[in-house]
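Before any comments, here is the structure.
The values are calculated or read from the model by the stated rules, or taken from the named source; none is laboratory data. Keep in mind the model is a prediction, meaning the values are calculated, not measured. Positions of Cβ are backbone-derived with ideal geometry, glycine not excepted, and every protein chain shown enters the neighbour counts. Protein only, heavy atoms only, side chains kept; ligands, DNA and RNA dropped before computing areas. Shrake-Rupley method; radii C 1.70, N 1.55, O 1.52, S 1.80 Å.
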Amino acid sequence: MSVRKPNELPKQGNTLLQTALFKQVSPQEADQLIPYLDSRILNKGDFVFREGDEDQRMYLLDYGRVKLTRRSSDSRVQLLSIHGRGEVLGEIPVFDPKGGPRTASAVVMTNHTHVVSLEHRALFDWLDEHPRVAVDMLQVLANRMRRNNEHISDLVFMDVPARLAKTLISLGQRFGEPMEAGLMVPHDLTQEEMAQLVGASRETVNKALMDFANRGWIARKGRSIIIFEPGMLIRRSRR
C-alpha cells in the first residue's frame, strides 16, 4: 500500500541530483523542477507503473529497489532487470511520448521505497531553458543502450557460468554490504528470477551456483549470496 506525499523531497536534498541523468546539473537548475516532482513511498509488491500504462512520466529511484518485469501472452512473467538508488525508471515515454504504452512493469522489491516522478511536459519546458543538459542526458541514454547491447552479446557469446559470475559481480557492486567474511549481496530473488536475470534455466544456474560454492567463491544464505572470492568470479566472467 502506498502513501502519497506530493512534492516532498528526501531530507538529503533534491533527488534529481542523485541520478545519472542530472549529474551535470547545478543545484540551482535542478531546484527549478522541485514544484513539478511527485513523490511516493511504496512497499514491497507495489507497482511503480504497469505494462500497458500510457502515462508520460519518468521515475527516479531515491531509496529502495525495483525490478522490471514483462508478462507474456500466456501470463508467464519475465524478470528484465533490477534497479537501485539513483537510477531512472521508465524514461522512454518521456522522450518518445507517441511510442505507445509501456512495455514493462516496475515492481517494488523493498519496503519504504522512495520514488519521485516527473512529467514529460515539465521536463521539456525546463530543457528549453537549459538545452546543454539535453546533451548530457543523451550521453547517459547512449550508455544505457551500450549496456543493453553488451547484455545481448553476453547472451550470445558467454556460457552460463560466465554470465552468472558477471551477474553476481554486478549485484555485489550495486547492492553489496561489506562484512568480515566477504560481501553480502541481498538480492531478494527467487531461484527462477535469478535464472531469468542470467538468461538461463533454473537448473543450469543452480548447478553453476553449487559449483561456485564448492570452490569456495560464494555461499548461499536464503535470498542472499556471500561473495568470498570476487577476483575468481571476475576471472570466470572473462573466460
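Rg then Dmax, both in Å and based on the Cα atoms of the chain: 19.0, 58.
What shape does segment 1-138 take by its C-alpha gyration tensor, where a ≥ b ≥ c are the square roots of the eigenvalues and a/c under 1.5 counts as rounded, a/b above b/c as prolate, and the rest as oblate? In terms of gyration-tensor shape, oblate. Sequence-distant contacts, meaning Cα pairs under 8 Å at least 6 residues apart, place the relative contact order of the chain at 18 percent. When the trypsin sites (Lys or Arg not before Pro) in segment 188-237 are filtered for DSSP coil states and for at most 14 other beta-carbon atoms within 10 Å of their beta-carbon, the remaining sites are ARG215, ARG223. Considering only protein heavy atoms and a 1.4 Å probe, what is the carbon-and-sulfur percentage of the accessible area of the chain? The nonpolar share, carbon plus sulfur, comes to 51 percent. Accessible surface for the chain, divided over its residues, is 55 Å² per residue with a 1.4 Å probe. A straight chain from ASP96 to ASN149 at 0.36 nm per residue would run longer than the Cα-Cα distance by 17.1 nm. Modelled label positions at SER75 and LYS23, each set 7 Å beyond Cα in the direction of Cβ, lie 4.3 nm from each other.
In the assembled protein chains, HIS151 presents an accessible area of approximately 90 Å² (probe radius 1.4 Å). For the chain, the longest piece that avoids every one of the GluC sites (Glu not before Pro) found in DSSP loops with at most 10 other C-beta atoms within 10 Å covers 55-179.
Among THR19, THR204, THR103, the sequence by solvent-accessible area, most first, with a 1.4 Å probe is THR103, THR204, THR19.
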